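Remarks on the structure that follows.
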Amino acid sequence: MRIIVANDYEEMSRKAAHIIASQIILKPNSVLGLATGSTPIDTYKELIALYRDEVIDFSELTSFNLDEYFGLPKDNSQSYDYFMRANLFNHINIDDDRINIPNGMTDNIERECAEYEKKMQNAGGVDLQLLGIGRNGHIGFNEPADHFEPNTHLVQLDKDTIEANSRFFDSMDDVPTKAISMGVGSIMRAKKILLLASGAGKADAIYDTVKGPITPRVPASILQLHPDVVIIVDKEAASRL
């Protein structure tokens with residue numbers, strides 16, 4: 001596990017974008033696992049800038065998103081499909097057929113989850129997985145639990161997660177209470193993992209991830225067992241290390 005401490009969110013985002021860009025340059029047909037939320041927004045802006053400067057090319061790339069709200073149509077402005085298109089996909093030359101995001105409107109959740117896992121396997125697995133982290137240590141939507149979930153699955157979101165995500169919705173009642181998420185096992189099967197964290201509010205989660213015991217009560221702590229993890233944090237998020 002390599003830890004990089006950046007001065008601020010902007011530097012964290014630049015460093016993350018450069019690592020992702022290096023992956024794309026070295027392997028143009030890479031499979032990227034992508035994350036949503038406020039943390040990666042500037043990383044995506046940096047990648048768009050690198051694309052416009054013709055430093056990187058997304059035409060051969062395949063992407064798999066970590067998660068999607070359950071019961072939210074993709075054209076809803078708070079869906080993660082909408083987020084990814086607004087913040088990245090609409091601004092680069094990725095092939096739409098190579099974009100993979102769980103279908104939050106599926107009428108067969110077990111089949112959707114199994115097929116998502118199979119798609120990742122058939123694509124050769126994720127080369128680089130981008131992650132954020134929740135204040136409770138969740139990665140993807142894998143909440144603190146009694147066990148590590150091995151595969152893509154339906155999640156009942158914690159109250160803390162719903163409260164944290166409510167800032168994106170008109171009211172708490174509008175926030176979905178369930179989501180489809182890659183499992184911890186799905187994430188750990190990625191060849192390389194890049195985790196980003198910014199702000200003092202993430203300091204405890206980063207400390208528990210890096211220095212705490214490996215426990216499903218802190219899902220991100222399992223990253224201690226992965227052979228190739230890079231964590232980029234700003235000074236505030238690194239304050240307890």
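The values are calculated or read from the model by the stated rules, or taken from the named source; none is laboratory data. Bear in mind that the values here come from a model prediction, so they are computed numbers and not experimental data. Positions of Cβ are backbone-derived with ideal geometry, glycine not excepted, and every protein chain shown enters the neighbour counts.
Some notes on this structure:
- Residues of segment 176-232 satisfying the condition of being of a type in the set (D, E, K, R) and within 23 Å of THR152 (Cβ to Cβ): LYS178, ARG189, LYS191, LYS192, ARG217, ASP228
- Filter result for the condition that a residue is farther than 23 Å from LYS15 by Cα, more than 13 Å from the chain's Cα centre (by Cα) and at pLDDT 95 or above, over HIS226, HIS147: HIS147
- Filtered residues of segment 131-159 (kept if polar (S, T, N, Q) and either part of a loop (DSSP other than H, G, I, E, B) or in contact with a helix residue (DSSP H, G or I) (Cβ under 9 Å, 6 or more places away or on another chain) (or both)): ASN136, ASN142, ASN151, THR152
- Residue satisfying all of: in segment 196-238; in contact with a Gly (Cβ under 8 Å, 6 or more places away or on another chain) and part of a loop (DSSP other than H, G, I, E, B); surrounded by the fewest Cβ atoms within 10 Å (Cβ to Cβ) among these: ARG217
- Breaking point among (1) of a type outside the set (Lys, Arg); (2) within 30 Å of GLU60 (Cα to Cα); (3) crowded, with 21+ Cβ neighbours inside 10 Å, for HIS138: (2)
- Whenever a residue of segment 194-221 is closer than 17 Å to GLU236 by Cβ, its partners that are among the small types (Gly, Ala, Ser) and surrounded by fewer than 19 Cβ atoms within 10 Å (Cβ to Cβ), lying with C-beta atoms within less than 7 angstrom and at least six residues away or across chains, give the pairs ALA200/SER239; ALA203/SER239.
- Near pairs, Cβ below 9 angstrom, 6+ apart or cross-chain, from segment 142-169 (within 20 Å of ILE109 (Cα to Cα)) to any residue that is small (Gly, Ala, Ser) and surrounded by fewer than 17 Cβ atoms within 10 Å (Cβ to Cβ): PHE148/GLY185; GLU149/GLY185; PRO150/GLY185; ASN151/ALA114; ASN151/GLY185; THR152/ALA114
- Of the strands (runs of 3 or more DSSP E) entirely within segment 1-109, those holding at least 3 residues that are in contact with a strand residue (DSSP E or B) (Cβ under 9 Å, 6 or more places away or on another chain) and touching a residue at least 60 places away in the same chain (Cβ under 8 Å) occupy 2-6, 31-34, 67-69.
- For ASP173, the criteria (1) surrounded by fewer than 17 Cβ atoms within 10 Å (Cβ to Cβ); (2) within 19 Å of ASP42 (Cβ to Cβ) hold in every case but one, which is (2).
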